[in-house]
Amino acid sequence: MQRKHATGPKSLLNGARCKTGAQYHGPMEKEGKRQLDHAVDDLEHEVPGKIKRFIEWARSDRARWVRIPLALALIAVGILAPYMPVVGVEDVPIGLLLLSYDVPFLRKPMAAFIEWLIGLWRRLRGKSPHR
């Protein structure tokens, strides 16, 4: 027996869209997407202008056709060539971040990871005598 999708007041989130244009399908997806959007907004405040513009573009729906293959390539390279000088194991989290916009169960863990990295960066920068 197949379940029908709910309609009416309880399913107000179904079909709604976030500011990047992605569609929400339920409360859990909405919460994960909200957390990821908040974490990436914080990240955008910490990076230089060109990187910020790339992040803004990568978050948009029009970048999806590039975002998914790029994410999969970064994850594969990070796993298959972890000790290369330019590419390596650090590409896996970048790939997972890009993929998290299209894979709902990655959103909350990646949001927590980004927030942890931002906190680490701010603590290290605060202790640095150069800034």
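The values are calculated or read from the model by the stated rules, or taken from the named source; none is laboratory data. All figures in this text were calculated on a predicted structure; none of them were measured in a lab. Using ideal geometry, Cβ is built from the backbone for each residue, glycine included, and neighbour counts are taken over all protein chains shown.
Could you list, in sequence order, the residues of the stretch 45-62 that are of a type in the set (D, E, K, R) and either loosely packed, with under 13 Cβ neighbours inside 10 Å or more than 22 Å from residue 33 (Cβ to Cβ) (or both)?
Filtering the stretch 45-62 down to residues of a type in the set (D, E, K, R) leaves 46, 50, 52-53, 56, 59, 61-62.
Listed by number, the residues that qualify are 50, 53, 62.
For the stretch 92-114, give me each residue that is surrounded by 13 or more Cβ atoms within 10 Å (Cβ to Cβ) and either more than 22 Å from residue 60 (Cβ to Cβ) or among the aromatic types (Phe, Trp, Tyr) (or both).
Of everything in the stretch 92-114, those that are surrounded by 13 or more Cβ atoms within 10 Å (Cβ to Cβ) and either more than 22 Å from residue 60 (Cβ to Cβ) or among the aromatic types (Phe, Trp, Tyr) (or both) turn out to be 92, 101, 109, 112, 113.
So residue 90 clears everything in (1) more than 23 Å from residue 37 (Cα to Cα); (2) at pLDDT below 90 except one condition, right? Which one?
Of (1) more than 23 Å from residue 37 (Cα to Cα); (2) at pLDDT below 90, only one is false for residue 90: (1).
For the stretch 73-91, which residues satisfy the criterion of being among the acidic types (Asp, Glu) and surrounded by fewer than 18 Cβ atoms within 10 Å (Cβ to Cβ)?
In the first step, residues of the stretch 73-91 are kept if they are among the acidic types (Asp, Glu); the result is 90-91.
If the condition is that a residue be among the acidic types (Asp, Glu) and surrounded by fewer than 18 Cβ atoms within 10 Å (Cβ to Cβ), then 90 is the only one that fits.
Looking only at residues that are over 20 Å from residue 65 (Cα atoms) and in contact (Cβ under 8 Å) with a residue 60 or more places away in the chain in the stretch 101-111, which one is farthest from the chain's Cα centre (by Cα)? Please lay out each step first, then the result.
In the first step, residues of the stretch 101-111 are kept if they are over 20 Å from residue 65 (Cα atoms); the result is 108-111.
Still in the running and in contact (Cβ under 8 Å) with a residue 60 or more places away in the chain: 108, 110-111.
Numbers: 108: 9, 110: 6, 111: 7 Å.
The extreme case among them is 108.
Take the stretch 33-83 and flag every residue that is in contact (Cβ under 8 Å) with a residue 24 or more places away in the chain, among the hydrophobic types (A, V, I, L, M, F, W, C) and more than 16 Å from residue 93 (Cβ to Cβ).
68 - this is the single residue of the stretch 33-83 that is in contact (Cβ under 8 Å) with a residue 24 or more places away in the chain, among the hydrophobic types (A, V, I, L, M, F, W, C) and more than 16 Å from residue 93 (Cβ to Cβ).
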